[in-house]
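Following: one structure in structure tokens, then a few remarks.
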Amino acid sequence: MDHDTRIDLKNLTLEELTEFLAGMGKERFRASQVMRWMYGRMVNNFEAMSDLSKALRTELQQRARISHLEPEVTEDSKDGTRKYLFRLEDGETIETVRIPMEENRATLCISTQVGCAMGCVFCHTGSFGLKRNLTPGEIVNQVCAALADGPVNNIVLMGMGEPLHNLDNVVKALQIFYLTEGLAFSPRKVTLSTAGLVPEMLELGQRIRVNLAVSLNATTDEVRNQLMPINRRYPLGQLMDACRQFPLEPRQRITFEYILIRGVNDSDQDARRLVKLLHGVKAKVNLIPFNEHSASPFKAPTGDRVTRFQGHLLDRGMVAIRRASKGQDISAACGQLKGKRAPMQDRQVAGEDAANDHHPLEKGNGK
């Protein structure tokens with residue numbers, strides 16, 4: 001099939017779309033009109049844009065296109081979690097998860113890369129490396145597709161990939177999320193999770209507002225070096241300094257994701273070190289019991305150990321929330337849906353060795 005060389009308008013911010021249309025000799029307000037059709041009304045074809053002239057619609061059809069995603073597979077959990085597998089235009093696949101919250105609310109966990117270069121040893125995605133970055137349109141289209149199933153209240157960039165390793169495209173996607181003519185999300189409703197790319201964290205804070213979550217998972221450089229290779233480049237001291245410099249609103253906190261792994265980072269000593277490590281940081285800790293899977297030697301902590309660890313933090317005035325695993329009956333842990341289908345599907349469609357195409361969904365663990 002011939003590659004479509006027309007520009008994908010889903011990759012453009014409002015400013016870029018305005019510039020594109022100006023190059024066609026069109027007025028500035030046309031960009032807002034097109035944005036509202038694409039995102040407010042979820043229209044994927046120019047012919048339906050009835051307040052544009054027929055001549056403009058014809059010209060747009062010749063020069064541009066509007067991409068969209070439709071799930072190749074969905075799985076639904078008895079707890080309401082829905083997992084989507086999307087196949088991209090080049091045959092690669094990514095996963096997105098809709099997580100039900102209280103009072104008929106939903107959080108959407110989206111991906112930013114195909115695979116991941118961070119190599120965190122507890123994460124199935126990292127074991128297969130990075131294939132490529134997602135475009136702004138591919139990031140945004142995960143949300144557009146999920147909205148067809150109902151409202152989304154919160155977005156978390158915690159799926160496949162390291163968002164800050166794809167910073168420019170992620171910032172563009174965030175701009176579209178926030179835009180009134182776009183998806184109209186408040187920055188308070190969007191959270192980005194990072195393994196700890198320190199320079200990019202600081203650049204992110206300068207470029208755009210977003211809630212920050214840091215995948216921490218250890219209280220010493222020795223253990224974090226083993227779990228998360230990025231720590232060898234940006235050790236805990238540098239990471240904590242960057243967290244203290246990250247711009248926050250008055251009541252905003254940085255979320256620290258801490259995956260509890262039996263016998264690795266779940267001791268009383270770890271709890272004490274965590275309190276000390278986060279001193280001076282406006283912090284909230286999400287404690288996530290490790291979600292066991294066959295590709296990992298790690299084990300989940302006991303319930304008593306999680307309770308004791310959390311209790312130590314709470315007793316010292318910290319905000320510490322225990323996150324329950326969702327969707328455990330539908331392959332909702334990191335990359336399991338993709339992993340199940342890849343041996344047959346990806347070999348047929350993409351012609352690739354399936355062993356290189358099992359990418360789990362999140363940096364850890366079905367958060």
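Values in this text are rule-based calculations from the coordinates and carry no lab data. Note that the coordinates shown come from a computational prediction; the quantities given were computed from them, not determined experimentally. Here the Cβ is made from the backbone with ideal geometry for all residues, glycine too, and neighbour counts use every protein chain on show.
Looking across segment 216-238, just one residue is among the hydrophobic types (A, V, I, L, M, F, W, C), in contact with a helix residue (DSSP H, G or I) (Cβ under 6 Å, 6 or more places away or on another chain) and not in a helix (DSSP H, G or I), and that is Ala218. Every listed requirement among (1) under 18 Å from the mean Cα position of the chain (by Cα); (2) within 24 Å of Lys131 (Cβ to Cβ) is met by Glu75 save one, (1). Could you please find all residues in segment 117-151 being β-branched (Val, Ile, Thr) and buried (at least 18 other Cβ atoms within 10 Å of the Cβ)? Within segment 117-151, Thr125, Thr135, Ile139, Val140, Val143 meet the criteria. Residues of segment 45-71 that are outside any helix (DSSP H, G or I) and surrounded by 15 or more Cβ atoms within 10 Å (Cβ to Cβ): Met49, Leu52, Ala64, Arg65, Ile66, Ser67, His68, Leu69, Pro71. Of all residues in segment 139-172, those that are within 22 Å of Val43 (Cα to Cα) and of a type in the set (A, V, I, L, M, F, W, C) total 10. When Glu103 is tested against (1) surrounded by fewer than 17 Cβ atoms within 10 Å (Cβ to Cβ); (2) over 24 Å from Ala218 (Cα atoms); (3) in contact (Cβ under 8 Å) with a residue 24 or more places away in the chain, just one condition goes unmet, and that condition is (3).
Being closer than 22 Å to Leu287 by Cβ, under 18 Å from the mean Cα position of the chain (by Cα), assigned to a loop (DSSP other than H, G, I, E, B) and in contact (Cβ under 8 Å) with a residue 40 or more places away in the chain, is that true of even one residue in segment 239-253? No, the conditions are met nowhere in segment 239-253.
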